[in-house]
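Take a look at the structure below.
The values are calculated or read from the model by the stated rules, or taken from the named source; none is laboratory data. All figures in this text were calculated on a predicted structure; none of them were measured in a lab. For neighbour counting, all protein chains shown are included, and Cβ atoms are generated from backbone atoms with ideal geometry for every residue, glycine included. Note: accessible area is taken over every heavy atom of the protein model, side chains too, but ligands, DNA and RNA are not part of it. Shrake-Rupley method; radii C 1.70, N 1.55, O 1.52, S 1.80 Å.
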Amino acid sequence: MKLPSILNLVTDDLAVDLGTSRTRVFARGRGIVVNEPSLLAYDTPTREVVAVGLEALELEGRASEDIHIISPLQDGVVADSTFAGKLLEHYIRKARDGRSTISRRVLISIAADASDIEHYALRYAAKEANVSNVHFINKGIVAILGSGVDPDDQRATLVVDVGAGTTTIAAMVHNHLIFTRTLRVGGNDMDTALIDMIKQNHNLLVGPRTAERVKIELGCAVPLDQEQTTMVKGRSTIGGNPEMAVVNSIEIHEAIEPIVARIVNSVQDALEALPPEASGDIYDRGMVLGGGASLLAGFDERLMKETELAVQLTESPQRAVIRGLGLLFENPLALRRAIIKSEQ
Ligand SMILES: Nc1ncnc2c1ncn2[C@@H]1O[C@H](COP(=O)(O)OP(=O)(O)OP(=O)(O)O)[C@@H](O)[C@H]1O
Ligand SMILES: [Mg+2]
């Protein structure tokens with residue numbers, strides 16, 4: 001039996017996936033200890049944070065005019081460093097759970113092709129959260145590891161992680177990333193497209209939670225065999241009164257189709273960019289899907305049809321990235337290779 005070292009009892013190794021819709025924290029030896037919405041509620045006049053995560057979500061649409069709910073991440077990127085720092089600080093404190101006040105190190109995933117500005121914003125947020133020893137980790141690599149792929153595998157693997165704000169496409173051979181690309185497109189864009197469609201077709205303004213529900217209930221990446229409908233409530237764009245409308249699966253499919261097509265086209269571009277040997281491997285074994293938006297009905301089927309490859313959905317796909325981050329603690333070589341930058 002492997003005993004935890006004394007150091008592990010008094011300090012925590014933590015890993016954070018600061019996602020557009022959810023923040024997940026992995027504590028070494030304890031697993032995923034935080035999995036909550038990346039949301040904050042603050043008081044507008046004082047800018048004081050009044051609620052974080054699930055508590056902030058509960059305030060949405062119910063709080064006073066002075067309370068503002070924000071997501072400090074947009075399209076997978078830190079849009080507000082100060083509030084992202086507060087979010088990070090809150091969740092890191094929660095993950096430590098009073099066990100320790102110091103963290104030997106914190107791993108944070110970031111897109112491999114993130115700009116200097118994105119790095120700066122995340123570094124600033126980490127400083128705000130009082131995290132000093134931080135390693136920025138290549139999100140493509142951890143998306144692959146979290147999908148159950150052995151990093152030492154001699155054959156190429158292709159992973160597509162479709163999140164709320166980003167789609168990460170990455171291919172790896174024997175511990176080396178051979179391709180990675182980040183699209184600023186994900187499930188949130190489908191929600192926005194549904195809000196626009198309901199406004200245009202039904203003169204009704206609905207909120208993002210309603211749009212997300214419609215997507216999960218009736219959204220489909222291929223046309224449904226049988227038309228289905230669902231009821232939505234919102235505010236009329238004509239009279240301003242609360243109203244209801246019935247939306248059908250055909251208009252839902254049409255609204256999200258451009259986003260699905262963009263993702264599928266990018267996967268096809270990635271396949272064309274792979275070296276021939278790697279293409280052969282992918283031809284044999286297909287690709288693995290991760291990220292919550294890959295759960296969209298018919299998405300795997302659509303990719304299978306258009307690429308003529310096998311497509312497999314990883315187990316609890318929303319957790320693939322945080323699982324991969326956690327695995328790095330047990331694999332020093334993979335960790336070294338996955339680090340993009342370290343800040344002491
Ligand atoms: N069954 C489902 N069908 C369609 N979409 C779904 C389903 N379940 C979750 N989603 C969508 O998945 C997205 C969240 O996925 P995930 O948790 O992987 O994102 P994230 O990690 O926060 O974002 P990102 O990695 O882009 O920063 C949301 O847009 C959500 O609506
Ligand atoms: Mg994600």
**Report entry** Residue-count net charge about residue 186 - beta-carbon cut-off 11 Å; Lys, Arg +1, Asp, Glu -1
**Finding:** -2
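Based on the Cα gyration tensor of segment 194-253, what are the three equivalent ellipsoid semi-axes, each the root of five times an eigenvalue, rounded to whole Å and given largest first?
Whole-Å semi-axes of the equivalent ellipsoid: 21, 11, 9.
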Requested in this report: Could you check which residue among 44, 167, 210 shows the biggest mean-square fluctuation in a GNM of the chain with a 10 Å Cα cutoff?
Outcome: 44
Report task. Work out the P(r) tail for the chain: percent of alpha carbon pairs separated by more than 34 Å, whole number. Result -> 29
**Report entry** Equivalent ellipsoid semi-axes - Cα gyration tensor, segment 151-313, angstrom
**Finding:** 36, 14, 11
Report task. Determine which aspartates and glutamates satisfy two conditions relative to residue 94: a Cα distance under 15 Å, and not lying fewer than 8 residues away in the same chain. Result -> 12, 13, 17, 36, 55
**Report entry** Placed amide H near residue 73: partners under 5 Å, 5+ positions off or other chain
**Finding:** 79
**Report entry** Calculated on alpha-carbon atoms, Rg and Dmax of segment 57-128 in Å
**Finding:** 14.4, 41
Report task. Would you grab the residues whose amide H sits under 5 Å from the one on residue 105? Only those 5+ places off in sequence or on another chain, please, with H modelled 1.01 Å from N. Result -> 14
Query raised in the report: Highest mean first, what order results for 24-31, 216-223, 316-323 on Cβ atoms within 10 Å?
Result: 316-323, 24-31, 216-223
Requested in this report: Please work out the C-alpha center-to-center distance from segment 260-331 to segment 104-124 and express it in whole Å.
Outcome: 23
Report task. Before rounding to the nearest 500, sum -39500 (n - 2.57) across all DSSP H runs of length at least 4 in the chain and divide by the residue total; then give [θ] at 222 nm in deg cm²/dmol. Result -> -12000 deg cm²/dmol
Requested in this report: Go through segment 23-31 residue by residue and turn each phi into a ³J(HN,Hα) via Karplus (6.51, -1.76, 1.60, θ = phi - 60°); whole Hz please, and just put x for glycine and proline.
Outcome: 10, 10, 10, 10, 10, 4, x, 10, x
Query raised in the report: Label 7 Å along Cα→Cβ of residue 224; segment 297-319 residues with amide nitrogen under 15 Å?
Result: 297-299
Query raised in the report: Using modelled amide H (1.01 Å from N, peptide plane; none on Pro or chain starts), what sits under 5 Å from the amide H of residue 153, excluding residues fewer than 5 places away?
Result: 174, 175
Query - Surrounding net charge for residue 55, when Lys and Arg each add one and Asp and Glu each subtract one, Cβ distance under 13 Å - result: -1
Query raised in the report: From the backbone phi of segment 296-308, what are the Karplus-calculated ³J(HN,Hα) couplings (6.51 cos²θ - 1.76 cosθ + 1.60, θ = phi - 60°) in whole Hz, Gly and Pro given as x?
Result: 3, 3, x, 5, 5, 4, 4, 5, 4, 5, 7, 9, 6
Query - Proximal lysines relative to residue 233, as straight alpha-carbon distance under 17 Å, when same-chain residues fewer than 8 apart are discounted - result: 199, 215
Query - Cβ-based net charge around residue 242, under 10 Å, with every Lys or Arg adding one and every Asp or Glu removing one - result: +1
Requested in this report: Find the all-direction average of the projected area of the Cα convex hull for segment 38-77, expressing the result in square nanometres with one decimal place.
Outcome: 2.8
Requested in this report: Give, in nm to one decimal, the length gained when the segment between residue 233 and residue 343 is fully stretched (0.36 nm per residue of separation minus the Cα-Cα distance).
Outcome: 34.8 nm
Query - Where segment 151-313 is the region considered: accessible area per residue in Å², 1.4 Å probe - result: 47
